[in-house]
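Worksheet for the structure shown next.
The values are calculated or read from the model by the stated rules, or taken from the named source; none is laboratory data. Everything numeric here is computed off the predicted structure, so don't read it as measured data. Methodologically, a virtual Cβ is constructed for each residue, glycine included, from the backbone with ideal geometry; neighbour enumeration extends over all protein chains shown.
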Amino acid sequence: MGYYTKYEIDILPKNEDDTSKWYESESDCINISSKNKGYLIVVTGKGENCGDVWKQAFFNGKKVWEWKLNLVIPDVPDEIKAQFMSARKVELEVKIQQLEEESRRLREILDKD
């Protein structure tokens with residue numbers, strides 16, 4: 001007799017800073033899945049470049065699907081950039097004025113002592 005177990009395999013230590021170069025990952029996973037029939041092996045990769053995110057699945061010695069993130073960063077029109085910069089400039093000017101007022105207030109307090 002026996003019982004069934006659901007396995008999940010992680011590589012430890014699991015640390016977001018841990019990276020490696022595994023150039024043969026696809027062929028290795030095909031090889032492993034061909035030796036372990038009936039098991040779905042899913043590999044997730046997050047590359048060092050922005051948007052380099054993917055998943056691959058292997059079953060019975062074959063890659064059965066692959067998912068890749070397709071990140072498209074649109075160009076921002078110059079008019080929108082100008083509006084943003086103008087709003088940001090006003091924001092910073094107000095902040096400078098607030099800091100100058102606070103500085104004057106603190107100087108007055110110090111001068112009284």
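Just checking, does segment 47-57 include any residue being of a type in the set (D, E), in the same structural domain as Y4 (by TED's automatic domain parsing) and more than 30 Å from Y4 (Cβ to Cβ)? Yes: segment 47-57 contains one or more residues that are of a type in the set (D, E), in the same structural domain as Y4 (by TED's automatic domain parsing) and more than 30 Å from Y4 (Cβ to Cβ). Among residues of segment 51-78 that are more than 29 Å from K35 (Cα to Cα) and loosely packed, with under 11 Cβ neighbours inside 10 Å, those with a Cβ under 7 angstrom from a residue that is modelled with pLDDT under 85 and hydrophobic (A, V, I, L, M, F, W, C), sequence gap 6+ or separate chain, pair up as L71/C50.
Could you tell me whether segment 59-79 includes any residue that is part of a helix (DSSP H, G or I) and over 26 Å from the mean Cα position of the chain (by Cα)? Walk me through how you get there before you give the answer.
Taking segment 59-79 as the starting set, the residues that turn out to be part of a helix (DSSP H, G or I) are 78-79.
If we keep only those that are over 26 Å from the mean Cα position of the chain (by Cα) as well, we get 78-79.
Scanning segment 59-79 turns up at least one residue that is part of a helix (DSSP H, G or I) and over 26 Å from the mean Cα position of the chain (by Cα).
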